[in-house]
Amino acid sequence: MNISHIEHIGIAVKNIDEAIKYYQNVLGLKCYATEEVADQKVKTAFFMVGQTKIELLESTSPEGPVAKFIEKKGEGIHHLAFAVTGLQNSLDEVKSKNIMLIDEKGRKGAEGLNIAFLHPKSTFGVLTELCEKP
Ligand code: CMX
């Protein structure tokens, strides 16, 4: 596994517009992009902090993973994403170590990254994402 840095921290919110105001007006961070990821049923907003991003996530459907997470656990940190080189090799390695994968192969995520998730039941309760620039 070759992790270079924390690519982003995903935070589940009920209302992304209200949350953006907090990050901008209170923390003084700049929202540099927003994007809807239809596949994941989320609207996202991004803030850069050093080389790490904060990704706000609002569900676009009551059936989406973020809506289900908020229903169960409330708003808060939803996932941790690591930047890797060699996404498929990393997934193969993780699988060989008996960690449960949600995605066996990379797929397109926000900002055009190739992404894959590891199941929180295998990763000490933290939904873990591996990302690679295409
Ligand atoms: N962090 C930690 N635990 C989580 C979790 C999360 N984000 N989401 C779910 N869980 C836990 C639940 O609490 C539950 O635990 P218990 O069995 O102890 O109650 C267990 O995982 C199963 O949860 P569930 O509500 O039954 O949900 P599902 O099994 O249907 O799905 C998961 C869970 C993680 C497989 C699903 O949310 C998933 O595939 N996530 C990956 C995709 C995703 O989250 N996309 C949104 C972000 C997209 C982006 O960043 O672009």
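What to note about this one:
- Hey, residue 79 in contact with a Gly (Cβ under 6 Å, 6 or more places away or on another chain) and either more than 9 Å from the ligand (Cβ to nearest atom) or under 22 Å from residue 1 (Cβ atoms) (or both) or not: yes
- Segment 13-31 - residue that is touching a residue at least 12 places away in the same chain (Cβ under 8 Å) and among the basic types (Lys, Arg) and, of those, surrounded by the fewest Cβ atoms within 10 Å (Cβ to Cβ): 30
- Pairs where the first residue, in segment 64-78, is free of Cβ contacts under 8 Å to residues at least 40 places away in the same chain and the second is among the small types (Gly, Ala, Ser) and surrounded by fewer than 16 Cβ atoms within 10 Å (Cβ to Cβ), C-beta under 9 Å, 6+ apart: 67/61
- Filter pass, residue 52 being more than 18 Å from residue 125 (Cβ to Cβ) and surrounded by 14 or more Cβ atoms within 10 Å (Cβ to Cβ): yes
- Checked against (1) touching a residue at least 24 places away in the same chain (Cβ under 8 Å); (2) within 12 Å of the ligand (Cβ to nearest atom); (3) assigned to a loop (DSSP other than H, G, I, E, B), residue 115 passes all but a single condition, namely (3).
- Once segment 48-76 is narrowed to residues that are at positive phi and more than 14 Å from the chain's Cα centre (by Cα), the residue that is farthest from the ligand (Cβ to nearest atom) is 50.
- Taken over segment 82-112, the criterion of being more than 8 Å from the ligand (Cβ to nearest atom) and aliphatic (A, V, I, L, M) is satisfied by 83, 84, 87, 91, 94, 99, 100, 101.
- Unique residue being small (Gly, Ala, Ser), outside any strand (DSSP E or B) and farther than 19 Å from residue 133 by Cα when the list is 90, 61: 61
- When each of 97, 68, 105, 73 is tested for being surrounded by fewer than 19 Cβ atoms within 10 Å (Cβ to Cβ) and in contact with a Pro (Cβ under 9 Å, 6 or more places away or on another chain), the lone residue that passes is 68.
- Segment 93-105 residues that are closer than 11 Å to residue 117 by Cα, paired with ones that are loosely packed, with under 13 Cβ neighbours inside 10 Å (beta carbon under 7 Å, 6 or more apart): 100/121
- Residue 78 being crowded, with 18+ Cβ neighbours inside 10 Å, modelled with pLDDT of 95 or more and not aliphatic (A, V, I, L, M): yes
- Subset of segment 32-58 (residues that are free of Cβ contacts under 8 Å to residues at least 24 places away in the same chain and assigned to a strand (DSSP E or B)): 32, 34, 48, 49
The values are calculated or read from the model by the stated rules, or taken from the named source; none is laboratory data. What you see is a predicted model, and the numbers here were worked out from it, not measured in a lab. So basically every Cβ, Gly included, is an ideal-geometry build from the backbone, and we count neighbours across all protein chains shown.
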